[in-house]
Amino acid sequence: MKRFDLLTPIGIFLGLTMVLFAIYSSSKSLDGVIYFIQAASVFVVFGGLIAALLINFTLPEIKLVPKVFKEAFREDRQNLPTLINTFVELSTKARREGLLALESTLDEVDDPFIKKGVLLAVDGIEPDIIKDIMMAEVVAMEERHRKGRAIIEKCGEYAPAWGMIGTLVGLVLMLQNLNDPATLGPNMAIALLTTLYGSLLANLVFIPMASKLANKTEEEVFVKQIIVEGVIGVQSGQNPKILEEKLSAFLPENGKKNIEIEGEGVVVDGA
């Protein structure tokens, strides 16, 4: 079950708060904080960033941006001992009643990937073919995630570059008006703040988000590998105890302590 991941907004909020606090503590007034808000710098960084993304990606890929950002704020952690317990129960039922009996239990299974694997096993497909089919879906999932993540990664690359472009614009404006001291401050602000905005966006938002999405993909692939091994074990009629031991190899040491074998079944104690 997916739920809201508080760590992402907390991290962004904490980073912005520390930057604003550093500005306020140095300037000793809110005027100092307000000075760091420049519309021209915002237009250069965000406008240039959006333009670069439109050039780099197709329209269907651009439409994925809201969904990709949403995934960075969601958490979907699998309870691995419970997952292993599910396959041990399926294996026990298959050995007692046959593979066809598993079809009636699939309504209790929420994961569509598990359902697909069990249905392939019920249809009598060879284990190697089942593994090839399921791993092909895993590879396709990785590619979809990579394409979505590429947009965020490009944002992390482009934001500092557009910050530097804004800096060059500000410096040119400043050099053209050296005879007018009143323009030096605003032009210098544009020059420096665009670099600040670009670096802040890249290192506080885009790059950490892309890294988090990559970690989420790795975790999902890891879980699906466990599911593939579980389906193959059920299809081949492995003893539930042996299957439990095999799948428990995927668990960390503290997770193995939560599984207790009783007869031909497994009882999950905690997460």
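See the values below:
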item: Over the chain, relative contact order from alpha-carbon pairs under 8 Å, at least 6 apart, %; result: 29 percent
item: Assigned charges on the beta-carbon of Lys, Arg, Asp, Glu; the chain dipole about Cα centre (debye); result: 940 debye
item: Accessible-area composition of the chain, carbon plus sulfur, in percent [1.4 Å probe]; result: 63 percent
item: Unit charges at the beta carbon, dipole of the chain: most positive-side option, PRO181, VAL45, GLN225; result: PRO181
item: FRET efficiency estimate (nearest 0.05) - Cβ-Cβ, SER29 to GLU157, R0 35 angstrom; result: 0.45
item: Heavy-atom surface of the chain, accessible at 1.4 Å and reported per residue (Å²); result: 57 Å²
item: DSSP H segments from the chain that extend 24 Å or more along their own axis, Cα-based, with Kyte-Doolittle mean of -1.0 or above; result: 7-27, 39-56, 80-97, 127-176, 181-200, 207-235
item: Computed accessible area, THR195, all protein chains, 1.4 angstrom probe, square angstrom; result: 40 Å²
item: Charge-dipole axis of segment 48-194 as Lys and Arg at +1 and Asp and Glu at -1 on Cβ define it, positive-most pick from LEU90, LEU120, THR167; result: THR167
item: Reachable aspartates and glutamates, given that their alpha-carbon falls under 15 Å from the alpha-carbon of LYS212 and they are not under 8 places away in the same chain; result: ASP5, GLU71, GLU75, ASP76, GLU142, GLU153, GLU220
item: Segment 1-111: C-alpha gyration tensor shape, a/c 1.5 cut-off, then a/b vs b/c; result: oblate
item: Ranked order, TYR24, TYR197 - accessible area, probe 1.4 Å, largest first; result: TYR24, TYR197
item: Candidate lysines - alpha carbon under 28 Å from LYS93, same-chain residues fewer than 8 apart omitted; result: LYS115, LYS116, LYS131, LYS224, LYS241, LYS246, LYS256, LYS257
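The values are calculated or read from the model by the stated rules, or taken from the named source; none is laboratory data. For clarity, every value in this text was computed on a predicted model and none was experimentally measured. Note that we place each Cβ from the backbone using ideal geometry, even for glycine, and neighbour counts take in every protein chain shown. Just the protein is used for accessible areas: all its heavy atoms, side chains included, with ligands, DNA and RNA removed. Shrake-Rupley method; radii C 1.70, N 1.55, O 1.52, S 1.80 Å.
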